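FYI, it's all coordinate maths here, none of it is from the lab. These numbers were taken from a predicted model, which means no experiment stands behind them. Note that we place each Cβ from the backbone using ideal geometry, even for glycine, and neighbour counts take in every protein chain shown.
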């Protein structure tokens, strides 16, 4: 009997190993372990045995059942593995095919530079102020100590509108961001620390001038503010903006009706591959206009010039962008050429931060 | 303002060299724009004597010269000038010299077989004039070997300074010398004003009818003058600073103008009709001015008139009718003073600039009227002879009597430099101020500094001459702690919108704020049209950002760009204000062709998707937005809409642009766009701080049920979705349209809309009865819109 079972077991293991696919294997399982199966039949014989016989035969018959079950499981796993491999082989794709292209957006350099300015000046305690671009001549000229006939008005070739403002004032496109100084002083209590970036307009169009351009104005009104604070502020700003420690400023007496004393600020630069790079003292270029706010301007805004004093400065944003990022044609700023926008633009996540740097 | 070094030195006693002078000028606020020395290009040319002159063996018109150029050897030169002869002294250029007038560099060369080692030069070849008939002939005593520029006194650098509009005093060489002297560069030579006694009464009477515009007018006649070309020294000086010599009398007025900032005018007495009057011009009165142009005047302008009418634009330009010429024998010199504001306005109105205007509008020194006429008379007599009359003085010079109170500490307070009091007083006195030290200082302002009228101006004078480089860089006071946020809510909206648009693959452009009126028309028209535009294309302030973006899109398309995705953040300029706006334009295919699928042209839903995404990023409550109405005449009437929070509160328009607009911008359709009204986005509710509400995920999982409805074909799907969503506010947490179908199985005039509804059970799972009840409410709500459940 014992050798019969051994033979039977070997017979079933051979049959299971010989099953070529999952269907054949299932047929063997039914033949062995199904209700009518051969092994099931053997198991049923146990019930008719004497206790002694069962003692000896039981483990052997159960052993047979376990061996067959194990063989079935192993064979099933092997067949499934082979089938999966075959399926995967059939699913092979060309992994060198290109993915669907996503449109790449960009931030205009002027916007980027404005964000950089906001970030740097926020650290110095300045907030960003705005004002209308369609201004009246009082805010753009008169309040800034530029009377109607003053020769300085001849400096600006101003765009005018035919209609007058509510107070009968002539309406124009602001020629500088300086009227924001006036509006800020009129509407807020000092101390004031602001920058005012924005669009400005002059009737000027040639290779280096466009009728629309961007300026940033700075204004501080506080007690005890003097020219040295202006110098420090500009130095600190330019060092942070250009991310260089070798920025050298030179102040030169000049004239703006709304500041007294007034100074042009020249900045040292050097040439790298024919391009002007700020830093050092090889050459100097004019970059900013500045000065101490004229007492008449402070008074025109309803503040007491004996109590409050401060400084103001103005600078071209397009120019700052050109000097920092190397564009050479101002007119291209306003053309919307996608090639240019992608070349000089910034990625959406290039957000200027103090920790990450303000130069993307 | 141009002047030469030698001219300056007539007013300034100084040992300073050119470089120091130039540096100092810029340092004290007289910015040097250029320095040019005409001698530099003539450096190689020397005075030389022709020793021998013999005919050229091969050419009739040439001679072979030997020349002594002071080198100790006889230099052989072939020369074609008819006046070349032995004994002549001229100007020799050696090999290697660059000849400016003919732009060539001399070299040793054989001319018709005879070696020539240099050139004897003509006037034209040295760019000293037009004469080219022969070589230059110098005086017999001209020193051989000396550089010609030195001998001819051409070694006189020309300095060009940019004078700011406040500096009336720097519009003459004397004033510039005063500034340099105050800066420590030497001593100002005082003006020596001659006192000339007239021998006869002035034959012309002068009356002032416009005393506001012309409060003072001195006149003096000189009879028996011989006008003609002015002498070389005067011509040379005027030419050096870019002025054209005209005649001795005219050159005299220009010389006084340039030297002292004091314009003069000279009339031909024989051409004057009767007496002179400074009066307001009559409406439409015309003057043929000295520049040959006729100007139409009006009563805002001061005219100088005789009894025949106006023949001078007071303080700006004289008239042709009464001007001097070569045959003039009797003259009248005018030395007047004009109101600066009136001159500026008149000059602007006439579009006429002149040396006189640029001085009178800054303000000529009113205390220099007497000096001006005396200096002019003296120079005139010197140049053209004649017998001067007495001076006719009409009016009084308006000499200001300005005294400024000043505390010397103001210098440290305002400029940050504690300049010692003695030093401050010294600077001011050298500039012509009279300083009375006390509590406070009383500082009398000189008549040539009308720009100075307060303590801040005094500080500027002191620090300007002390040096702005002395100002110490001083940190601003800094608030303790980390810098605080400064951006306003509006600024944050713009930043979020901008970065989101870029992250979604849109390229930010900056386009002009002004456009052609016709471009504005389709977008509601412009409320602000410039009176003096730079061109018709840049005339109307934009009522929308889209025309500028469309023009940019068209330029890109013309350059071959296919998929165009542009946006801009800027202002629309409306009648009642400037509105922060984001515009975007999509044109061409959605993207480049791709192997995995068709990309297709952009459609209105692309524009809607961008609009909603950017609005959401900017903080708009996009779930509450409804699409209402059409976007306007610029848009496709069936493929556009307004995204609204209420019927009157649109946050954006979007859609397909009208084909007419697309064509007008030279684009091929379809072009889709959106315009987001950033200032209409309601402010985020603040005040809650950073704390979020407590996290309470539902205990039970949500279930979804799909409903398909047949609805009238023209029912906006959004209405159905809203109705479904509102059918059971407690249980329904979401309703999403996922299919739109027309065709087989859907009756004509209807469409099938399929909506997935999310149901969120609260404490316990929904029973089948509850689900059926909710479904019933949904179907009932939909039925109100004419929807029936599709079975």
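Details
- Full extension of the segment from residue B:141 to residue B:85, taken as 0.36 nm per residue of separation minus the current Cα-Cα distance, would add 18.5 nm.
- Rg(Cα)/(2.2 N^0.38 Å) for chain A, N = residue count: 2.08
- Using a Gaussian network model of chain A in which every pair of alpha carbons under 10 angstrom is joined by a spring, one finds that among A:225, A:16, A:146 the greatest mean-square fluctuation is at A:16.
- The label point for residue A:304 and the one for residue B:6, both projected 7 Å from the Cα toward the Cβ, are 6.0 nm apart.
- Listed by Cβ neighbour count within 10 Å, with the fewest neighbours leading, A:106, B:752, B:693 appear as B:693, B:752, A:106.
- Residue-averaged 222 nm ellipticity for chain B, from DSSP H runs of 4+ at -39500 (n - 2.57), nearest 500: -7000 deg cm²/dmol
- Ranked by how many other beta carbons lie within 10 Å on average, peptides B:482-491, B:454-463 from highest: B:454-463, B:482-491
- Once you reduce the range A:200-230 and the range B:447-508 to the center of their Cα atoms, the two points are 9 Å from each other.
- When DSSP beta bridges are restricted to pairs lying wholly in the protein assembly as shown, around 95% turn out antiparallel.
- Estimated from the Cβ-Cβ distance and a Förster radius of 35 angstrom, the FRET efficiency linking residue A:284 and residue B:349 is about 0.35.
- Prolate/oblate/rounded call for the range A:105-217, Cα gyration tensor, a/c under 1.5 rounded: oblate
- Considering the range B:442-530 at the alpha-carbon level, its Rg and Dmax are found to be 25.7, 67 Å.
- Protection proxy ranking, peptides B:510-517, B:711-718, average beta carbon neighbours within 10 Å, highest first: B:510-517, B:711-718
- q = 0.10 Å⁻¹, chain B: log10 I(q)/I(0) [Debye, one scatterer per Cα]: -1.11
- Per residue, the convex hull spanned by the alpha carbons of the range B:384-501 comes to 340 Å³.
- Rg and Dmax [Cα atoms of the range B:259-353; Å; Rg one decimal, Dmax integer]: 12.7, 37
- Taking the average, over residues, of other Cβ atoms within 10 Å as the packing measure, peptides A:80-90, B:317-327, B:499-509 rank B:499-509, B:317-327, A:80-90 from highest down.
- Potential extension, residue B:112-residue B:595 segment - 0.36 nm per residue separation minus Cα distance: 166.0 nm
- For a label point 7 Å along the Cα-to-beta-carbon line of residue B:535, residues of the range A:314-343 with backbone N under 17 Å: A:330-337
- Peptide-level mean, for B:19-30, of C-beta atoms on other protein chains within 10 Å: 2
- Shielding by partners for peptide A:105-115, expressed as the average number of C-beta atoms from other protein chains within 10 Å of each residue's C-beta, is 6.
- At full extension, residue B:54 and residue B:34 could sit 2.6 nm farther apart than now, given 0.36 nm per residue minus the alpha carbon distance.
- Sites residue A:83 and residue A:342, calculated FRET efficiency, Cβ-Cβ separation with R0 56 Å, nearest 0.05: 0.65
- Principal axes of the range B:451-499: Cα extent on each, largest first, Å: 50, 30, 19
- Distance between the range B:700-742 and the range B:31-49 - C-alpha centres, whole angstrom: 90 Å
- Structure remark: mean-square fluctuation, Gaussian network model of chain A, C-alpha springs under 10 Å; the largest value among A:94, A:21, A:123 belongs to A:21.
- According to the Kirkwood relation over distinct C-alpha pairs, the hydrodynamic radius of the protein assembly as shown is 38.1 Å.
- Here each label is just a point 7 Å from Cα along the line to Cβ, and for residue A:92 and residue B:442 those points are 10.7 nm apart.
- Number of partner chain Cβ atoms within 10 Å, mean per residue of B:471-482: 6
- Gap separating the Cα centres of the range B:52-90 and the range B:119-183, nearest whole Å: 29 Å
- The modelled label-to-label distance for the pair residue B:730/residue B:679, using points 7 Å beyond Cα in the direction of Cβ, is 4.7 nm.
- Gyration tensor verdict on the range A:1-131 (Cα atoms; rounded if a/c is under 1.5, prolate if a/b is larger than b/c, oblate otherwise): prolate
- Choice from A:277, A:297, A:99 with maximal GNM fluctuation in chain A (Cα, 10 Å cutoff): A:99
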